[in-house]
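This report refers to the structure that appears directly beneath it.
The values are calculated or read from the model by the stated rules, or taken from the named source; none is laboratory data. Just so it is clear, the model here is predicted, and its values are computed rather than measured. Side chains included, ligands, DNA and RNA excluded: accessible areas come from the protein's heavy atoms. Shrake-Rupley method; radii C 1.70, N 1.55, O 1.52, S 1.80 Å.
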Amino acid sequence: MIKNYLKTAWRSLIRNKSYTAINVTGLAVGIAACLLIFLVVRFETSFDNFHKNKDRIYRLVTISKTPQGISCLAGVPMPTAPELRTDYPKIMAASVLKTDNEISLPETGSKTLKKFDEDGIFFIEPQFFKMFDYQWLLGDKNTALNEPNTVVLTQSAAEKYFGDWRDAVGKTLTYENNVNLKVTGILENIPANTDIDLRVVVSYSTLPYTNFKNALSDAGGIMGTHYCFMVLPDNATASNFNNNLAAFAKKYKTANHANDGLVLQSLNEMHYDSRFGVFTGKTFSKELIKALSLIGLFLLVIACVNFINIATAQAVNRSKEVGIRKVLGSSRKRLVLQFISETFMVTVFAVAIAICLSSLALPFLNQLLDIKLSQAFLSDQAVILFLTGLIFGVTFLSGFYPAIVLSGFNPIAALRNKIAANNSKGISLRRGLVVFQFCLAQVLLIGMLVIVSQMNFFKNYSLGFDKDSVVNLPIPGDSISHARLNALQNELLQQPGIKSVSFSLSSPSDDFYTNNYFKYNNSSKNTDFLTNFEWADASYFKLYNLKFIAGHPYENSDAIHGYVVNETLLKKLGVNDPKDALGKNIIIWNDKTKLAPIVGVVKDFNVSSLREEIPPVLLASWKDAYETINIKLVPGSDHLKQSLTSIERLWNDAFPKDVYQYQFLDKKIENFYKSEDQLSTLYKIFAGIAIFISCLGLYGLVSFMAVQRTKEVGIRKTLGASVSHIVYLFSKEFTVLISVAFAISTPIGWYLMAKWLEAFTYRISVGPGIFIVAIASSIIIAWLTVGYKAISAALANPVTSLKTE
């Protein structure tokens with residue numbers, strides 16, 4: 001019987017090729033989008049699931065109470081883990097520090113020094129590998145990192161440095177050009193779905209031999225990439241231990257950091273909490289997961305609505321078939337199964353095509369979202385279950401109602417052609433479904449327009465400094481490298497195409513900054529607000545075109561002899577006239593060598609992304625703190641490639657043992673909004689898919705209407721109706737339905753996007769222009785869709801039309 005159902009279904013689908021193609025295409029595109037979203041959501045919700053004790057592992061994070069509000073930091077002071085192990089012996093705690101630096105192979109004989117740039121080198125205590133489950137290919141996890149100057153590599157890192165990872169153990173690497181590290185173990189490559197992206201793991205006991213040695217005993221200073229992980233005992237809860245942490249923080253925090261508190265954050269929550277961040281810098285909020293899941297459901301529903309609309313509209317063409325089947329003894333149950341079989345077959349075809357479309361789209365999606373989804377996703381049991389559920393779900397959702405409608409025809413009325421195409425119930429349902437369909441599509445369209453407008457706002461907003469044609473390069477941290485800076489600056493300035501050169505801690509707008517308190521005008525107390533400290537030479541102001549509203553730049557010096565502050569800092573101090581601040585002394589860290597007067601005030605400039613307000617900023621010249629070379633190129637230079645080549649050559653001559661890397665400042669600033677840019681692209685794609693599927697349904701309905709109203713069109717043309725009138729006849733109803741959908745979607749879209757924009761301090765206002773573009777775009781696209789078929793029907797020979805029965 002099933003074989004007969006499928007055979008009959010196949011014949012019916014072949015007989016109605018155009019409608020089958022429309023249904024299969026609409027479902028395939030909707031299912032492909034839904035499948036891709038499922039793969040992304042599954043990937044993002046699987047982070048660090050390979051650790052057996054994930055539910056018991058926590059990260060300690062810092063929550064600071066400041067007059068500006070609550071500040072959330074992922075880092076903790078470096079002594080935290082040893083202090084926890086002392087005060088709570090039953091707790092396993094481990095410190096993890098991630099830093100960016102170079103690894104090199106020691107020079108042997110006449111061989112050229114091999115230098116490698118690593119985006120992450122981890123210093124980790126041995127207890128870490130008792131908490132987390134990593135696969136060891138070589139070495140003993142209990143002893144490999146017990147000694148100073150030891151390092152463990154992943155398989156890919158070992159192959160990068162030594163060729164064959166099996167030969168790496170016992171070999172030597174060099175860190176910071178002066179710390180030799182012996183390879184004592186090899187880890188299996190870390191899965192892509194982790195926030196702890198290990199590659200080079202150095203023993204924590206090596207830190208006293210590096211530039212971090214002074215921070216090891218600092219109980220107050222917080223380093224953003226220094227994490228502390230711990231495992232709670234079976235009888236302890238996070239809420240109870242948080243109470244203990246209040247007393248623990250109070251015991252070890254210095255007076256200057258009394259407002260810094262420690263709380264536990266579950267490893268299960270780490271990937272989704274953007275307040276604290278993760279090592280990779282790629283969090284994925286649960287709200288975004290919900291939004292993507294909802295969009296996937298929307299697209300699937302839109303595709304199913306297409307099927308229902310076309311199937312019910314086409315029902316009149318199959319009325320005789322139903323009548324004959326009923327006269328020959330077929331029951332309604334069997335007819336329902338017959339029509340459900342057709343839907344099942346269409347869905348299976350659509351899923352097969354969707355799998356192919358998804359495979360083709362995966363490389364683009366991986367590149368867009370910077371993730372690593374496998375092409376072999378069909379080997380994942382969860383994906384198979386999802387697709388199976390999708391087939392049966394879509395079959396029921398798309399096929400049940402049309403099957404009930406078709407199987408319910410009266411056989412006598414059907415055989416007498418008394419089944420009307422314009423049945424009022426059918427029309428009402430189709431109208432409602434078209435409105436629902438376009439309502440969902442227009443919500444996505446409004447969201448896309450708002451996000452694109454916000455991204456354009458970011459690109460065009462004045463940050464308060466000149467970011468164009470500026471190249472940033474790193475400065476090695478050792479004193480020998482700093483001694484070469486003046487000579488390097490002179491050589492760079494002699495190169496054609498280079499306008500100016502400056503040294504600083506960072507660029508004016510950066511994701512790295514330091515903040516602290518200071519004393520103003522000989523006060524005995526620190527300020528009650530945190531201030532961003534930026535160390536930069538005097539050339540910095542001219543290079544970035546920072547505007548002075550009072551005073552002047554400080555003198556060019558290796559040490560602090562004057563401070564320049566921004567407008568916001570003066571507002572925090574209660575100084576109304578910038579000139580009143582000139583000459584007032586500032587001292588930081590109670591260090592008399594850091595006591596100097598304010599010599600200038602600059603206009604506010606954005607030091608980070610436009611999500612955040614401009615903070616108080618204090619600038620001073622301090623050569624020992626410089627980490628960045630700022631190079632201003634001649635704008636529009638025809639010799640850009642030559643200038644970059646000269647910069648690389650001179651940098652390598654100055655720092656032969658370090659890895660050269662550069663970044664254009666405007667590109668760095670663009671990266672602040674990478675997640676929004678990705679979201680913008682996704683919304684464009686999803687809105688386009690939603691409109692495409694909706695218009696595909698419109699095309700199918702208009703095609704059906706054109707066939708059903710052939711004789712009517714012929715009569716109207718005979719009576720003098722023009723082509724434009726016939727086109728209007730076909731278009732007017734859909735225009736009204738799209739307008740109704742717009743009226744429903746507008747408040748929904750406005751509310752959702754207003755909530756999204758609240759995350760940005762600097763943002764656009766959602767004005768009427770966005771909604772006008774949305775409705776105009778929807779109507780124009782619908783007219784174009786309807787227009788082709790309507791014009792074809794209007795241009796048909798009325799004599800031929802009237803002969804059509």
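Residues 275, 85, 42, sorted by accessible area with the largest first, give 275, 42, 85 [1.4 Å probe; ligands and nucleic acids excluded].
With the convex hull drawn over the C-alpha atoms of the range 425-584, the volume per residue is 225 Å³.
Derived scalar couplings between HN and Hα for the range 156-166 equal 5, 5, 4, 5, 5, 8, 10, x, 9, 5, 5 Hz in order, rounded to whole Hz, by the Karplus curve 6.51 cos²θ - 1.76 cosθ + 1.60 (θ = phi - 60°), x for Gly and Pro.
Residue 165 sits with roughly 30 Å² accessible to a 1.4 Å probe, with DNA, RNA and ligands left out of the calculation. Taking amide H as placed 1.01 Å from N in the peptide plane, residue 180 has its amide H under 5 Å from the amide H of 175, each at least 5 places away in sequence or on another chain. P(r) for the range 165-242, from all Cα pairs and a bin width of 5 Å, is 3, 9, 16, 16, 18, 17, 12, 5, 4, 1 %, short bins first. When restricted to Cα atoms, the range 465-550 yields an Rg and a Dmax of 15.9, 51 Å, respectively.
Rounded to two decimals, the Cα-based Rg/Rh of the range 97-180, with Kirkwood Rh, is 0.95. Are any of the pairs 542/579; 282/547; 52/160 more than 32 Å apart by Cα-Cα distance, and if so, which? Exceeds cut-off: 282/547. Computed from the C-alpha gyration tensor, the three semi-axes of the ellipsoid equivalent to the range 136-181 are 17, 16, 7 Å, from longest to shortest. One quarter of the convex hull surface built on the alpha carbon atoms of the range 523-679 amounts to 12.2 nm², the projected area averaged over directions. Rounded to the nearest whole Hz, the Karplus-based 3J(HN,Hα) values (6.51 cos²θ - 1.76 cosθ + 1.60, θ = phi - 60°) of the range 744-758 follow the sequence 7, 6, 4, x, 5, x, 4, 5, 4, 6, 5, 5, 5, 5, 4, with x at glycine and proline. Amide H to amide H distances under 5 Å link residue 549 with 601, 602, 603, where only residues 5 or more positions off or on other chains count and H is placed in the peptide plane. Give me the aspartates and glutamates in straight-line cross-link reach of residue 623: C-alpha distance below 14 Å, same-chain residues under 8 apart excluded. The reachable aspartates and glutamates, counting only those whose Cα sits under 14 Å from residue 623, are 478, 534, 537, 555, 558.
Quantify how much of the Cα-Cα distance distribution of the range 565-634 extends past 18 Å, in percent. I get 51 percent for the Cα pairs in the range 565-634 exceeding 18 Å. Over all projection directions, the Cα-based convex hull of the range 144-208 averages an area of 4.6 nm². For the range 671-676, backbone phi angles converted through the Karplus equation (6.51, -1.76, 1.60; θ = phi - 60°) give residue-by-residue couplings of 5, 4, 10, 4, 5, 5 Hz, Gly and Pro being listed as x. Pairs exceeding 20 Å between alpha-carbon atoms, taken from 290/667; 459/668; 65/668; 115/372; 213/594: 290/667; 65/668; 115/372; 213/594.
For residue 194, the solvent-accessible surface with a 1.4 Å probe is about 10 Å², rounded to the nearest 10. Taking all protein chains as shown and a probe of 1.4 angstrom, residue 433 keeps an accessible surface of around 30 Å². Pairwise Cα separations in the range 117-261 fall into 5 Å bins from 0 onward with the following percentages, short to long: 2, 8, 16, 18, 17, 14, 11, 7, 4, 2, 0. Amide H to amide H distances under 5 Å link residue 57 with 267, where only residues 5 or more positions off or on other chains count and H is placed in the peptide plane.
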